[in-house]
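Reading through the structure tokens given below for one structure.
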Amino acid sequence: MDTQEKVVIVTGSGKGIGRGVAHTFAKEGYSVVVSDINYEECLTVVSEIEALGKKALAVKCDVSLKAEVENLVTETINKFGRLDVLVNNAGIFPFIPFMEMTEENWDKVIDVNLKSIFLCSQAAVKNMKAGGKIVNISSIAGLIGFAGLTHYCASKGGMNGMIRALALELAEKKINVNNVAPGAIDTPGASQPDQPRTATEELRKQTIAIIPLARYGQPEDIANAVLFLASDKADYITGQTLVVDGGFILR
Ligand SMILES: NC(=O)c1ccc[n+]([C@@H]2O[C@H](COP(=O)([O-])OP(=O)(O)OC[C@H]3O[C@@H](n4cnc5c(N)ncnc54)[C@H](O)[C@@H]3O)[C@@H](O)[C@H]2O)c1
């Protein structure tokens, strides 16, 4: 079935930033493919979007597995007949001191955060027309260092480098590739007990004290930037990383 509405895939949209992106695009009139490794959470977000009178599809997908990524794009095309925007959002950020980090820890973060951008973008571009957009959620951790996150900083720094080359290659197809780099955002993932900046109220206060705009970001703060980069208002922007961090890395 072909739809008139533009179609967006949002990976890792069962909760957190991805869920916020899915809601924002749905309110803007996109048909939304809600995809996550956790299928139950996809179904919940799809119900929320359908309750707004908008169209959504739930697809389980582990973004580090090529077969599941290809299935995600196939299910999208089967349901909606087109793909306009890919938001590569799924990511993990377990804090592990460098000297305790195993090869498995390293590979997992690189596979989920970085290899996934390769897999998802390649599968998506095969089905995108001129005007298509890829927006990745990287991080300020790709621009500055965070102790305990060497694997994560490498993955996000890798994304920032990767899109400069990918934007060059996809320019001839008129497909734009950009990153949004969030600072500290209020999400379930960022509230886990292993997160040294957010695990307790005291740590949250300390983090807020170093953010010039003096608050945590909300998923909607990131979603609004993603929506802009996915729109035709950003047709002349490609290969860029837009920092959305309340000024976190300015000093
Ligand atoms: N929260 C922050 O402060 C912050 C800051 C900078 C960047 N980011 C980035 O934003 C993105 C979203 O983070 P969040 O804070 O919303 O996290 P979150 O943990 O709240 O949500 C992430 C979602 O991704 C899903 N996911 C995990 N592994 C997956 C996989 N292999 N395949 C598919 N889905 C998978 C999870 O099930 C979850 O629903 C990540 O890429 C993260 O690195 C977050």
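Just so it is clear, none of the values below were taken in a lab; they were calculated from the coordinates. Keep in mind that what you see is a predicted model, and the values were worked out from it rather than measured. Backbone-built Cβ (ideal geometry, glycine too); neighbour counts: all protein chains shown.
Could you work out [θ]222 nm for the chain from helices alone, using -39500 (n - 2.57) per DSSP H run of at least four and dividing by all its residues? Round to the nearest 500 deg cm²/dmol. All intermediate terms of the calculation are to be shown ahead of the outcome.
Working: 8 runs with 100 residues, N = 251.
Mean residue ellipticity, 222 nm, calculated: -12500 deg cm²/dmol.
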Checking Glu103, Glu40, Glu48 against a Gaussian network model of the chain (alpha-carbon springs below 10 Å), the top fluctuating residue turns out to be Glu103
What is the extension gain from Lys233 to Lys205, computed as 0.36 nm multiplied by their sequence separation minus the C-alpha to C-alpha distance, in nm to one decimal? 6.4 nm
With a ≥ b ≥ c from the Cα gyration tensor eigenvalues, square-rooted, and the rule rounded for a/c under 1.5, otherwise prolate when a/b > b/c and oblate otherwise, segment 134-225 is prolate
Where a ≥ b ≥ c are root eigenvalues of the Cα gyration tensor, a/c under 1.5 meaning rounded, otherwise prolate if a/b exceeds b/c and oblate otherwise, segment 20-161 counts as prolate
Which net charge results when you count Lys and Arg as +1 and Asp and Glu as -1 among the other residues whose beta-carbon is under 10 Å from that of Thr187? +1
To the nearest 0.05, how large is the calculated FRET efficiency for Lys129 and Glu48 if R₀ is 35 Å and r is the Cβ-Cβ distance? 0.75
Over the chain, relative contact order from alpha-carbon pairs under 8 Å, at least 6 apart, %: 20
Ranked by GNM mean-square fluctuation in the chain (Cα springs under 10 Å), the top entry among Glu28, Glu50, Glu100 is Glu100
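Provide the packing ranking of 155-165, 183-193, 4-14, i.e. peptides ordered by the mean count of other C-beta atoms within 10 Å per residue, highest first.
Ranking, from highest mean packing down: 4-14, 155-165, 183-193.
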Cα-Cα over 20 Å, subset of Lys133/Lys174; Lys129/Lys233; Lys79/Lys129; Lys60/Lys115; Lys6/Lys54; Lys54/Lys126: Lys54/Lys126
If you average 1/r across every pair of different Cα atoms in the chain and take the reciprocal, what Kirkwood value do you get, in Å? 18.1
Highest-MSF residue in the chain out of Val34, Val63, Val45 [GNM, Cα springs under 10 Å]: Val45
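Under the definition of Cα pairs under 8 Å and six or more residues apart, what whole-number percent is the relative contact order of segment 104-224? Working shown, then result.
Values: 127 pairs, mean separation 29.0, N = 121.
That works out to 24 percent.
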